[in-house]
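Step one of this worksheet: look at the structure below.
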Amino acid sequence: MATIRKRGNSYQIRVSCGYDTSGNQVAQTMTWKPAENMSKKQIEKELQKQAILFEDKCMKGQVTANIKFQDFAEQWFEEYAKLNLRNTSYERMKQLTVRVYPAIGHLRLDKITSRHIQQFINDLALNGKSLKNGKPLSRKTAIHHLSFISDVFSYAVKMEMLTDNPCKRVTVPKGEKKEKDIYTIEEVEKLFQLLETAPLKYRVFFTLAIYSGFRRGEMLGLEWKDIDWDNCVISVRRTSNYTASKGIYTDTTKTKKSQRSLKFPQCVMDLLREYKDEQDAERERLGTKWVGL
């Protein structure tokens, strides 16, 4: 049952939500202030309505307890991120907490407004510096921070702790558009010239990278069984990744669409065949089995 107490020109509505594990009573409060032109009867009627609505929200768990953003974010990591995100995404999210927690981690989840988050994102985009080299942060980095905060709030909404995600109204400042640094034909030709004297494994890796456009993890995840020698086709089926906590591990591709097959010119296939023959000879010498390229 909600209790109501007049405080100056406003009213405090308090709802008991039971007891915590230590036996202490847990209560939620809200403040309601009537409009200046409301009559006494109108105030009483609206006050009762607000009390009923607030009590209903409390009983449904839609009013956040006294939990700070950092504490709830750590719950999100354990309850959601660790179970649903790729290891690389999980590690990246953890790294983002270095800036997010000092900025809003101390604030209660239900007290954080779009304004709080907008100020943080603006400062990050305009004044943020890399912790490694001190260079200005890219707009993409600001977007990653906002996405992390939004994911935490979305989880709170999903758990019926909140009814709104304040990140929906936050805008990332526009940054300078940078042209992609793409090799020219002359630069690629020069690279191939330099590779002629390089060890075979490097010639294979960079030649395949240039012809395919595969991501680094996709390249490292290739195995001999992914090659259709007769049709000169190579298929991407997995990735090889690294995180500080797991070390090197094999994972699925970034998306289902990332699993694809590409046809290559005979010169690339001949180079791959030469590399496979070299590995086969080394395998026989050592008595081991080669799986990846």
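Taken together, the values in this text are just the output of simple stated rules run on the coordinates, not laboratory data. None of the values given here were measured: they were computed from a predicted structure. Ideal geometry is used to build each Cβ from the backbone, glycine not excepted, and the neighbour counts take in all protein chains shown.
Helix-only arithmetic for the chain: the sum of -39500 (n - 2.57) across DSSP H runs with n ≥ 4, divided by the residue total, places the mean residue ellipticity at 222 nm at -14000 deg cm²/dmol.
Pairs from the list 132/180; 82/178; 132/158; 94/129; 140/180 with a Cα-Cα gap above 25 Å: 82/178; 132/158.
On a 0 to 90 degree scale, rounded to 10, what angle separates helix 200-212 from the longest Cα axis of the chain? Roughly 60 degrees, rounded to the nearest 10.
Among the lysines of region 185-286, pairs at least eight places apart or on separate chains and with Cα atoms under 26 Å apart come to 19.
Taking 87, 133, 241 in turn, the Gaussian network model of the chain (Cα-Cα springs below 10 Å) assigns the largest fluctuation to 133. Given in Å, the Rg to one decimal and the Dmax to the nearest whole number for the Cα atoms of the chain are 28.8, 95. Restricting region 200-234 to chymotrypsin sites (Phe, Trp or Tyr not before Pro) that sit in a DSSP loop and have at most 12 other Cβ atoms within 10 Å of their own Cβ leaves 229.
Taking a ≥ b ≥ c as the square roots of the eigenvalues of the Cα gyration tensor, region 185-286 is rounded, since a/c falls below 1.5.
Farthest toward the positive end of the dipole of region 69-169, out of 126, 156, 75, is the Cα of 126, where the dipole comes from beta carbon charges about the Cα centre.
Given +1 at the Cβ of Lys and Arg, -1 at the Cβ of Asp and Glu and no other charges, the dipole of the chain around its Cα centre is 1500 debye to the nearest 20. Using a Gaussian network model of the chain in which every pair of alpha carbons under 10 angstrom is joined by a spring, one finds that among 153, 120, 192 the greatest mean-square fluctuation is at 192.
Within region 106-169, the percentage of alpha carbon pairs spaced more than 15 angstrom apart rounds to 55%.
The distance linking region 39-110 with region 155-188 is 22 Å (Cα centroid to Cα centroid, whole angstrom).
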